[in-house]
Every structure is written in structure tokens, then in C-alpha cells.
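Student: Would you mind keeping the following structure in view while I ask a few things?
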């Protein structure tokens, strides 16, 4: 099924699968979807997550100690798809686990599980030929990362290779919560708009309702990862689904209040002019 986004701004949630364990991850994913998440990125734990900050690194270490594998994450996706048929599901992985399974096997298994697509963090468009062919053959979306440092020519290539949505990295560096949304994020989205009509999701550092509302002013979605993984880490296994649901509702709440305020202002202006 095609990925869908809200008209204003959607929330894309990242979770490290297997942290604290796979059964808990399933419950957390379902809670996140029910709280209003539009798309869930199912993170495959990896031993050397170079693009991630300490929060997600710790989660990957815990998941790997639990023996979590790519095959198990695909099976988890199948379970979620059966229970929430309309949710957006993206496999989020480094390239090595996918290559170990085999590109063709990975794509076939992902399609069979009901996954919508994948984002391979350390795979560039320059090296993605075989991957793109295998994913296209299984009608899976290929999500790529676009960085503020990318040239316009590179953004054009990223946009052409992407399906589903484009992931705009808000800043250089690794994942993790930040004080504010980088100014580069808005400019990057504006540059990407020249090359694609796909939804654009902004990630890296989105952790508060204010961040989410700000991103909603210029992008189609905000990706929240480290803040969710940290909420799981702090809440513990039993309370993690509730903690994640509360976080997501709080993030969405400010956007909804802002939209309501804007509508009220418009109505007031109409009454005044009338």
C-alpha cells in the first residue's frame, strides 16, 4: 500500500526493534500507531551504528544482546501489519544485515511481510543500483537520506531514486535530541521541493512539541527517534508502550493546538471584516 501523510504534518516514529525485547517492541509499535503515528521505522539493530548517537547506540547494544536479527524484525513487521493494516511500515537498517540476508531475499521477505519500503542508512544513491532494481521488482518504496551539505545535483539524484518519501537530515552529525531545529532544515526542504513532489520528512534532533510544530510549518513530516528510544529506556519494559504513546500525543498536541489557534484567528478576522 502507498505511504500516506496527513495534510499538515505527520509523525514518523523510529524504534530499535528488540529493545527491550521483540514482544515489547510489538506492543510499543501498536501503541505508537494508535497514538497517531503515521509511519513507523522498524530499526534493525547493528553493531556499528555510525550515524546514531549514544541513545540509539545503547538500544542497538541491548537488542543485539537479546539476539535480535533482521529476520525477526521482518516477522515483527508481519505481526504489526496484520493488526494495523493501514499503518506505514518502513524497514530501517544499515546495509550489512541486508547484504548478509541477500538483496533479493530481503526484498521478497519485506514485501511478503507487508512492509511498505526501506531506508538503508549507509547506502548512497551512487551504489544503490542493485538495491533499487530489487526493491522496484517487489514494489517497495526506497527512502533515501538528503543532507544539508548535499549539492543540488545530488539532491536531484536522491529525489529521483526515492519512493514513498525523502528523509531530510536536519543537521550534520549523528542522531540525538537537540535544543532546537537547525536553520539548515528549512532551507534543505526548500531545495528538495525543486526536485520532487514526494512528501519530505525532517529528522535528527526532533524531540519536543515545539520542534514538531516548527517542522510542520515547512515539511510534510517530522521523524522522532532518539526521544522515543530514550522514553523506552527510561520507562522500562512494562510501562514503555504507555510512555511512548504519551510522548507521541504530546508531540501531536502542540501541532493540533497551533492549527486550532490559526483557524480561530482566521474566523476572528472574517468576523471583524464582516
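Student: Where residues in region 59-71 are free of Cβ contacts under 8 Å to residues at least 60 places away in the same chain, in a helix (DSSP H, G or I) and touching a helix residue (DSSP H, G or I) at 6+ places or on another chain (Cβ under 8 Å), which of them is surrounded by the most Cβ atoms within 10 Å (Cβ to Cβ)?
Tutor: First pass over region 59-71, keeping only residues free of Cβ contacts under 8 Å to residues at least 60 places away in the same chain: 60-71.
Now drop any that are not in a helix (DSSP H, G or I), which leaves 60-65, 70-71.
Narrowing the set further to residues that are touching a helix residue (DSSP H, G or I) at 6+ places or on another chain (Cβ under 8 Å) leaves 70-71.
Values: 70: 21, 71: 14.
By that ranking, first place goes to 70.
Student: So if I check each of 266, 254, 234, which one is surrounded by fewer than 24 Cβ atoms within 10 Å (Cβ to Cβ), assigned to a helix (DSSP H, G or I) and either at pLDDT 90 or above or in contact with a strand residue (DSSP E or B) (Cβ under 9 Å, 6 or more places away or on another chain) (or both)?
Tutor: Numbers: 266 fails: either at pLDDT 90 or above or in contact with a strand residue (DSSP E or B) (Cβ under 9 Å, 6 or more places away or on another chain) (or both); 254 fails: either at pLDDT 90 or above or in contact with a strand residue (DSSP E or B) (Cβ under 9 Å, 6 or more places away or on another chain) (or both).
One residue alone meets the criteria, 234.
Student: Can you confirm whether residue 56 is at pLDDT below 95, buried (at least 24 other Cβ atoms within 10 Å of the Cβ) and part of a helix (DSSP H, G or I)? Let's see the steps before the verdict.
Tutor: Numbers: at pLDDT below 95: yes; buried (at least 24 other Cβ atoms within 10 Å of the Cβ): yes; part of a helix (DSSP H, G or I): yes.
Yes: the conditions hold for residue 56.
Student: Report yes if some residue within region 120-139 is more than 17 Å from residue 12 (Cβ to Cβ), crowded, with 22+ Cβ neighbours inside 10 Å and in contact with a strand residue (DSSP E or B) (Cβ under 6 Å, 6 or more places away or on another chain); otherwise report no.
Tutor: yes
Student: When region 7-25 is examined, which residues are found to be in a loop (DSSP other than H, G, I, E, B) and farther than 14 Å from residue 223 by Cβ? Spell out how you get there, then give the answer.
Tutor: Within region 7-25, the subset in a loop (DSSP other than H, G, I, E, B) is 7-9, 17-21.
Passing the criteria: 7, 8, 17, 18, 19, 20, 21.
Student: Another question, if that's okay. Hey, does region 205-216 have a residue that's outside any strand (DSSP E or B), modelled with pLDDT under 85, within 18 Å of the chain's Cα centre (by Cα) and surrounded by 18 or more Cβ atoms within 10 Å (Cβ to Cβ)? Break it down stepwise before answering.
Tutor: The initial filter retains those residues of region 205-216 that are outside any strand (DSSP E or B), namely 205-216.
From what is left, the residues that are modelled with pLDDT under 85 are 205.
Next cut, within 18 Å of the chain's Cα centre (by Cα) only: 205.
Now narrow it down to the ones that are surrounded by 18 or more Cβ atoms within 10 Å (Cβ to Cβ): 205.
Taking every residue of region 205-216 in turn, at least one turns out to be outside any strand (DSSP E or B), modelled with pLDDT under 85, within 18 Å of the chain's Cα centre (by Cα) and surrounded by 18 or more Cβ atoms within 10 Å (Cβ to Cβ).
Student: Looking at region 75-95 only, could you name the residues that are part of a helix (DSSP H, G or I) and either more than 16 Å from residue 32 (Cα to Cα) or in contact with a strand residue (DSSP E or B) (Cβ under 6 Å, 6 or more places away or on another chain) (or both)? Please lay out each step first, then the result.
Tutor: At the first step, the residues of region 75-95 found to be part of a helix (DSSP H, G or I) are 75-83, 95.
Hits for region 75-95 are 75, 77, 78, 95.
Student: Do we have any residue at all in region 111-119 that's out of contact with any strand residue (DSSP E or B) (no Cβ under 8 Å at 6 or more places or on another chain) and within 20 Å of residue 49 (Cα to Cα)? Outline the logic, then answer.
Tutor: We begin by selecting, within region 111-119, every residue out of contact with any strand residue (DSSP E or B) (no Cβ under 8 Å at 6 or more places or on another chain); these are 111-113.
Filter once more, so that each one left must be within 20 Å of residue 49 (Cα to Cα): none.
No, region 111-119 contains no residue that is out of contact with any strand residue (DSSP E or B) (no Cβ under 8 Å at 6 or more places or on another chain) and within 20 Å of residue 49 (Cα to Cα).
The values are calculated or read from the model by the stated rules, or taken from the named source; none is laboratory data. Bear in mind the structure is a predicted one, so any value in this text is a computation, not a measurement. Using ideal geometry, Cβ is built from the backbone for each residue, glycine included, and neighbour counts are taken over all protein chains shown.
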